[in-house]
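Student: Pasting a structure below so you can have a look.
Please treat every number below as a calculation from the coordinates, not as lab data. No experiment lies behind these values; they were computed from the predicted model shown. Glycine gets a Cβ as well: all are built from the backbone with ideal geometry, and neighbour counts include every protein chain shown.
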């Protein structure tokens, strides 16, 4: 993992995430322009729904871990559920600390391998979590639209009335599916992937970019092995494992998809459940491409713009703070404690070995 996402990168990501989040929240307080309403809202929350929000946040760990575990069972006879939960939680934690959530996969692999899972099995199981995510959204998103979910969003315009929130949801869903299908195609046809990589290597070498060309060569060399591992999920019981992974994705994403509705209920705001679910799905899609760690700054502005149809301006600071606590802050805090406890233990063990 050190070559992909180092502890230094994660620490810097945490600092940037915290810094932008604090600045963003201060800006929200000025935007709401009513501290009295903010404090009154925070002390009059529906505490049953607050407890539900804490439980929902834990699904970053237990839901993500369940998905890793059901996929890993296809590759190992008795995978550790505890190791899978730690891997799922730390993967969510790292995704919040790196741009475009790029750190999640490497840290999940690192966490599994550190707890005894062989590296090849760890790598392919984490790869399959992404495949399960693509299939989950590719089925659930269009199905929700086909059944008529979110029709009330058609009248909610942005940029005037030229584009509605409903249009934006469909566009973002299509983009996610296209990216996923491209990834699936390259793994299903490794010869095509090798050809594309070869063209890139030749072009980069001709321009003197030998270092980047070497990295692409290494990736090309690993395509055949990844393809062989990949195929085990598309024969026999592998299909059942993949289907179980897709179902488990509903738990892995539950926090991000349901937090908006739960936070509204914390504040005693009633809104259509399915419409809010679609809006949270839209936010989840768009934050995959956010350039800041955990989408900090972008997440606040995006959620503010999208959820303003249900959240009045004076309640916006309370909503955004509670939403970010539920979606990311709790996971970031607990994940940071575990990860740096690991690093401290590793440093201690290394010092003890040196002294011996």
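Student: Note down the nm distance, to one decimal, between modelled labels 7 Å out along Cα→Cβ at residue 340 and at residue 100.
Tutor: Placing both labels 7 Å beyond Cα along the Cβ direction yields 2.8 nm.
Student: How do 87-94, 6-13 rank on mean C-beta neighbours within 10 Å, highest first?
Tutor: Values: 87-94: 29.0, 6-13: 15.9.
Those peptides, ordered most packed to least, come out 87-94, 6-13.
Student: If packing is taken as the average count of other Cβ atoms within 10 Å, what order do 261-272, 18-29 fall into, highest mean first?
Tutor: On the way: 261-272: 19.0, 18-29: 15.8.
Taking the mean over residues of other Cβ atoms within 10 Å, the ranking is 261-272, 18-29.
Student: What is the spin-label model distance, in nm, from residue 167 to residue 114 if the labels are put 7 Å beyond Cα along the C-beta direction?
Tutor: Label-label distance for residue 167 and residue 114, simple model: 4.7 nm.
Student: Could you grab the relative contact order for the stretch 1-129? Cα pairs under 8 Å, six or more apart, rounded to a whole percent.
Tutor: Numbers: 119 pairs, mean separation 33.3, N = 129.
Computed over the stretch 1-129, the figure is 26 percent.
Student: At a Förster radius of 25 Å, what calculated FRET efficiency corresponds to the Cβ-Cβ distance of residue 305 and residue 54, to the nearest 0.05?
Tutor: Details: r = 27 Å, r/R0 = 1.07.
Given R0 = 25 Å and the Cβ-Cβ separation, E is 0.40.
Student: If you don't mind, there's one more thing I want to ask. For residue 139 and residue 82 in one chain, what is 0.36 nm times their gap in residues minus the Cα-Cα distance, to one decimal in nm? Walk me through the numbers on the way to the answer.
Tutor: Working: separation 57, 0.36 × 57 = 20.52 nm, distance 2.93 nm.
Here the answer is 17.6 nm.
Student: Given a cut-off of under 8 Å on Cα pairs at least six residues apart, what relative contact order in percent is computed for the stretch 231-292? Let's see the in-between values first.
Tutor: Numbers: 23 pairs, mean separation 16.6, N = 62.
Normalised by residue count, the contact order of the stretch 231-292 is 27 percent.
Student: For the residue pair residue 11 and residue 250, what label-to-label distance in nm results when each label sits 7 Å from Cα along the Cα-to-beta-carbon direction?
Tutor: Placing both labels 7 Å beyond Cα along the Cβ direction yields 4.3 nm.
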